Amino acid sequence: MELIYLDNAATTPLSSKALADMTPYFISEFGNASSLHEKGRMAKRAVEASREIIANSIRARSNEIYFTSGGTESDNWAIRGVIKASKNNVKHIITSAIEHPAVLNTCKELEKEGVLVTYVYPDKNGLISVEDIKGAVNSNTILISIMFANNEIGTIQPIAEIGSFCREEGILFHTDAVQAMGTLDIDVNKMCIDLLSMSAHKFNGPKGIGVLYIKTGVKIDKFIVGGEQERGKRAGTLATPLIIGMASALEETLSNRESKNANMILLRDSFISDVQHNIPYVHLNGDKVKRLPNNINFSFEFIEGESLLLKLDLDGVAVSSGSACASGSLQSSHVIKAIGVSDELAHSTIRFSLGNNTTREQMNRALKILIKNVETLREMSPLYDSKKKEGKYV
Ligand SMILES: *Cc1c(COP(=O)(O)O)cnc(C)c1O
């Protein structure tokens with residue numbers, strides 16, 4: 001039975017082209033990009049070519065791209081680095097209640113250190129309002145951090161509007177663009193973005209490599225100290241093969257992006273309407289339109305999300321309940337709760353996230369398997385049974 005992998009928001013498979021491009025840099029071209037001899041210079045040239053590809057993809061300059069170990073480090077560095085570099089006595093951050101834990105937990109840690117944080121709540125569709133952000137600003141606000149697109153419910157935030165507001169007010173603007181990279185058009189200049197996080201393994205690149213874009217002139221402290229790599233801002237020997245793989249995967253993802261997006265949107269929307277037509281008592285989470293092309297998120301009444309996930313897994317369909325980071329714990333997702341879904345229904349949530357190569361045939365098979373398992377689990381639910389007997393549900 002072929003696996004139907006619908007968990008691409010958690011991670012994606014490595015592109016075989018990226019793997020082929022990386023491989024020599026593990027073996028024959030193993031030089032340290034900081035070494036002065038030919039092996040080192042060879043590695044350095046390859047790193048700089050990759051840096052340029054990544055910079056171009058967001059309309060940044062090469063010297064504004066800093067390699068990190070991934071999205072989590074980029075988020076930690078952006079927020080902590082800006083706060084540490086600020087000389088204000090009182091420091092205030094505005095972020096949203098639906099950020100990735102890499103942002104939320106960094107803010108929580110900073111709160112313990114005396115930094116003030118406002119968490120703006122989204123509307124019931126998961127959209128952050130620019131007016132709410134404006135309302136939260138005060139004279140001590142140093143940084144606003146709002147994700148480009150949400151990893152659980154796929155909502156795309158009004159980044160350009162938030163950016164231009166921040167620029168007018170002289171407040172730094174960071175966006176976690178990990179889910180948006182490779183899918184959405186990003187222009188750091190037009191959108192007035194000062195700091196942006198990305199991660200290669202979310203767009204078919206290798207795990208363990210990411211980037212923090214830092215606009216020229218932004219005051220930010222070091223996060224990892226050591227040698228003088230990355231213009232003295234981020235120490236550690238550069239992960240040459242991973243960097244090559246990241247740029248290669250990004251280039252590949254961006255080639256014919258429009259047609260790949262159009263295809264995912266078709267599959268996404270027909271799956272959503274098929275679920276709504278074939279399964280009663282389901283709720284779509286997130287906005288219907290301002291939504292990542294690959295994101296589907298449903299709550300199924302009378303069903304425990306983890307049970308459904310395990311059933312689907314046995315039938316060869318890989319999905320996620322809540323987020324990869326929230327699952328494992330029995331807490332329901334902070335994102336689903338922030339959009340006002342009841343605790344009970346929040347526990348009934350499943351995310352299906354498509355990849356570049358997901359096919360209609362796979363989605364049709366996944367739908368059949370989903371319908372079957374939802375029915376089986378509901379038949380086992382005493383609550384569903386009693387509701388049926390009351391004549392409330394048929
Ligand atoms: C996956 C993800 C991260 C973390 O990136 P890693 O490279 O896995 O550390 C951060 N933010 C968002 C929105 C993500 O989806």
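Which entries of 337/372; 91/290; 134/190; 288/372 have Cα-Cα distances beyond 23 Å here?
Where the Cα-Cα span goes over 23 Å, the pairs concerned are 337/372; 91/290; 288/372.
Using a simple charge model, +1 on the beta-carbon of Lys and Arg, -1 on the beta-carbon of Asp and Glu, nothing else, what dipole does the range 16-255 show about its Cα centre, in debye to the nearest 20?
Roughly 680 debye for the range 16-255.
What accessible area per residue, rounded to a whole number of Å², is obtained for the chain using a probe radius of 1.4 Å?
Result: 43 Å² per residue.
Just add up the charged neighbours of residue 315: K/R +1, D/E -1, any other residue whose Cβ is under 12 Å from the Cβ of residue 315. Walk me through the numbers on the way to the answer.
Numbers: positive: 311, 365, 368, 372; negative: 2, 313.
Computed value for this residue: +2.
Within the accessible area of the range 16-255, what % is carbon and sulfur when the probe is 1.4 Å and the other protein chains stay in place?
53 percent
Rounded to the nearest 10 Å², what accessible area does residue 25 have for a 1.4 Å probe in the complete protein model?
40 Å²
What does the accessible area of residue 359 come to, in Å² to the nearest 10, when a probe of 1.4 Å is used?
For residue 359, solvent-accessible area is about 60 Å².
Taking K and R as +1 and D and E as -1, what net charge do the other residues with C-beta under 9 Å from the C-beta of residue 339 add up to?
Net of charged neighbours comes to +1.
Helix-derived [θ] at 222 nm for the chain: sum -39500 (n - 2.57) over DSSP H runs of at least 4, divide by residue count, nearest 500?
Counting only the DSSP helices, I get -12500 deg cm²/dmol.
Could you rank 1, 198 by how accessible they are, 1.4 Å probe, largest area first?
Ranked list, largest accessible area first: 1, 198.
How much space per residue, in cubic angstrom, does the convex hull of the C-alpha atoms of the range 217-349 take up?
211 Å³
Taking a 1.4 Å probe, which of 36, 184, 254 shows the most accessible area, and what order do the others take after it? Show your work: numbers first, answer last.
Working: 36 150, 184 30, 254 60 Å².
Descending accessible area places them as 36, 254, 184.
With an 8 Å cut-off on Cα pairs and a minimum separation of 6 or more residues, tell me the relative contact order of the range 37-105 in percent.
On the way: 24 pairs, mean separation 16.2, N = 69.
Relative contact order comes out at 23 percent.
Starting from the Cα gyration tensor of the range 16-255, multiply each eigenvalue by 5, take the square root, and state the resulting semi-axes largest first in whole Å.
One finds semi-axes of 32, 20, 14 Å for the range 16-255.
Could you state the number of Å between the C-alpha centres of the range 56-71 and the range 118-166?
22 Å
What do you reckon, how do 304, 152, 258 stack up by accessible area (1.4 Å probe), largest on top? Please list the in-between numbers first.
On the way: 304 80, 152 0, 258 120 Å².
Accessible-area ranking of 304, 152, 258, largest first: 258, 304, 152.
Please list 3J(HN,Hα) in residue order for the range 69-74, calculated via the Karplus relation 6.51 cos²θ - 1.76 cosθ + 1.60 where θ = phi - 60°; whole Hz, with x for glycine and proline.
Ordered by residue, 3J(HN,Hα) equals 8, x, x, 4, 5, 4 Hz.
All other residues with a Cβ under 12 Å from the Cβ of residue 94 taken together, and with Lys, Arg as +1 and Asp, Glu as -1, what is their net charge?
-1
If the cut-off is a Cα-Cα distance under 16 Å, which aspartates and glutamates reach residue 124, setting aside same-chain residues fewer than 8 apart in sequence?
Cα-Cα hits under 16 Å: 99, 132, 152, 287, 343.
So for the range 135-250, what are the equivalent ellipsoid semi-axes in whole Å, largest first, each being the square root of 5 times an eigenvalue of the Cα gyration tensor?
Equivalent ellipsoid semi-axes, largest first: 26, 20, 11 Å.
With all protein chains present, calculate the accessible area of residue 113 using a 1.4 Å probe and round the result to the nearest 10 Å².
110 Å²
Consider a paramagnetic label point 7 Å from the Cα of residue 137 along Cα→Cβ; state which residues of the range 171-194 have an amide N under 17 Å from it.
171-175, 191-194
With contacts defined as alpha carbon pairs under 8 Å and 6 or more residues apart, what's the relative contact order of the range 16-255 in percent?
27 percent
Expressed in nm², what is the orientationally averaged projection area of the convex hull enclosing the Cα positions of the range 1-49?
Numbers: hull surface 20.9 nm².
Hull-based average projected area comes out at 5.2 nm².
Just the number, please: carbon plus sulfur as a percent of the accessible area of the range 345-388, 1.4 Å probe, no ligands or DNA/RNA counted.
Taking all protein chains in place, the range 345-388 shows 56 percent carbon and sulfur surface.
The values are calculated or read from the model by the stated rules, or taken from the named source; none is laboratory data. Computed from a predicted structure; not experimentally measured. Cβ: placed from backbone, ideal geometry, glycine included. Neighbour counts: every protein chain shown. Areas reflect the complete protein model, heavy atoms only, side chains present, ligands, DNA and RNA absent. Shrake-Rupley method; radii C 1.70, N 1.55, O 1.52, S 1.80 Å.
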